[in-house]
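This report refers to the structure that appears directly beneath it.
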Amino acid sequence: FFFSTGSTLCSYELQPSEYTTDPRATKLCPKYPVPESAPIPFFHRCAPVNISCYAKFAEALITFVSDSSVLHRLISGVMTSKEIIMGLCLLSLVLSMILMVIIRYISRVLVWILTILVILGSLGGTGVLWWLYAKQRMSASAVETQIAKDNLQALLIYAISATVFTVILFLIMLIMRKRVALTIALFHVAGKVFIHLPLLVFQPFWTFFVLILFWTYWITVLLFLGTTGSPVPNEEGFVEFRMLGPLKYMWWYHVVGLIWISEFILACQQMTVAGAVVTYYFTREKRNLPFTPILASVNRLLCYHLGTVAKGSFIITLVKIPRMILMYIHTQLKGKENACARCMLKACICCLWCLEKCLTYLNQNAYTATAINSTNFCTSAKDAFVILVENALRVAAINTVGDFMLFLGKVLIVCSTGLAGIMLLNYQRDYTIWVLPLIIVCLFAFLVAHCFLSIYEMVVDVLFLCFAIDTKYNDGSPGREFYMDKVLMEFVENSRKSMKEAGRGGGAEGRELKPMVGADEE
């Protein structure tokens, strides 16, 4: 600095040539504005050598927390209630595991609750609309304003629309009533699966752990990319590190890798669950199951099906990336584009989102078909699609009724944990704020319930495809016996009786069941 500017920073008794060599320079020269640093091994980053830098940061953080009275009270509430929070989190974990076992016994009750709520809601809404219309019609005066006439006309339209909706809903429920029995039977069998394969419960934890490891690695590489490049002087005379050449496009490669590998890890979980459940379903004597069906499924995945999983996750990535690009463009152009362009962007984003969800569901069933037949991804996806189309109404019943039942299970766990939290934290209401602890507990309970019940939903979907393939290629005759559980066998027998009765009367129900149970005639 002295040789380039001629400015003397140190004491005059120290010559400029001695600034960096004389031991007195530490006392006679000013301190560096940047603390002395040293490189961290293997990470190529510098960190302050003096520990006081970290102590000052901690002191500043403590000062900020102390000065913020609301934040201080919230944090103190969490610290005071930490034992209760940990206990309630453990309670939500236990409740989720118990629910996964007993849901097969309460599935029929949940279906009846759903049916009653839908009937009462639709009838009540329609009745209220007709009552309001009749009330306004009777109280109408001789001289009415145009607004009153418009409101009366709108009420009539709403009441007629609600009536039509209620009638259609009742017809759909009448048609779907027998397929709801399949949903109940599948939930019952899924409960048995978790009894025979208890390690399935821990699949979300392993998947989350692997995702955390990958995301940590991804962020580390991202930090390296953010500080890489070649030193280039800018207009102001400072040196900047700019990425030149192919290095500029590494960001896109890195982002695509994040999406693809994350989807790949989730697909590995789906394939592992599918392989274990398929092994359970197609083993006639359950006592002859392998010692660890899940580890056997992981072994088959690593040896034979990694390409299938990679291709399925790549297809999801090809759909997800354009949707993210459109969402980024929509965010950047917010307030600048015209109404037509905004509508088109939102429509494209919505269509891509729907396509992504459909492909995700098809991929999951393709993994199940791969676990059953050991075919490649395209063949498995085609077979799964044909099975799903042949059983479209049953798929709709399972996805609507089943998803609602699992949603009720999540609500039950969150409400139970929240109620227990309110009762326990209520004793501390005089000396601590328990709003934040309760929010933390409820969020954790929801996440735990979602992880556990999503595995349950996955098992139900795998069981349904196994059931559909079983009934398509087997009819229960000698040499072509069913693999299914007794509960599903009862459902098939009841379906055959209904088919015969409907066949005598020429009903549509018998014709609809024919491709499933009578497929051996093809």
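The values are calculated or read from the model by the stated rules, or taken from the named source; none is laboratory data. Everything numeric here is computed off the predicted structure, so don't read it as measured data. Every residue, glycine among them, receives a Cβ derived from its backbone with ideal geometry; neighbour counts consider all protein chains shown. Just the protein is used for accessible areas: all its heavy atoms, side chains included, with ligands, DNA and RNA removed. Shrake-Rupley method; radii C 1.70, N 1.55, O 1.52, S 1.80 Å.
Computed values, structure above
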{"read-out": "Gain on full stretching of the segment that runs from residue 422 to residue 118 - 0.36 nm per residue minus C-alpha separation", "value": "106.4 nm"}
{"read-out": "Residue 287-residue 473 FRET efficiency (beta carbon distance; Förster radius 25 Å; 0.05 resolution)", "value": "0.50"}
{"read-out": "Label-zone membership for the range 106-138, site residue 404, 7 angstrom Cα→C-beta point, backbone N under 12 Å", "value": "110-122"}
{"read-out": "Distribution of pairwise C-alpha distances over the range 352-454, 10 Å bins, in %", "value": "14, 27, 25, 16, 12, 6, 1"}
{"read-out": "GluC sites (Glu not before Pro) within the range 1-44, DSSP loop, no more than 14 other Cβ atoms inside 10 Å", "value": "13, 36"}
{"read-out": "R0 of 25 Å, Cβ-Cβ distance residue 175-residue 373: FRET efficiency to nearest 0.05", "value": "0.20"}
{"read-out": "Heavy-atom accessible area ranking, 1.4 Å probe, most first, across 227, 166", "value": "227, 166"}
{"read-out": "Accessible-area value, residue 379, 1.4 Å probe, nucleic acids and ligands omitted, Å²", "value": "50 Å²"}
{"read-out": "Charge sum, other residues only, whose C-beta stays under 13 Å from residue 90's C-beta, Lys/Arg counted +1 and Asp/Glu -1", "value": "0"}
{"read-out": "Projected label distance in nm at residue 242 and residue 447, using a 7 Å step from Cα toward the beta-carbon", "value": "4.2 nm"}
{"read-out": "At most 11 other Cβ within 10 Å, DSSP loop - GluC sites (Glu not before Pro), the range 253-340", "value": "285"}
{"read-out": "Average projected area [Cα convex hull, the range 204-358], square nanometres", "value": "14.3 nm²"}
{"read-out": "Long pairs among 382/472; 248/357; 320/346; 334/410; 192/410, criterion Cα-Cα beyond 24 Å", "value": "248/357; 334/410"}
{"read-out": "Computed log₁₀ I(q)/I(0) - Debye formula, equal Cα scatterers, no solvent, the range 1-61, q 0.22 Å⁻¹", "value": "-0.93"}
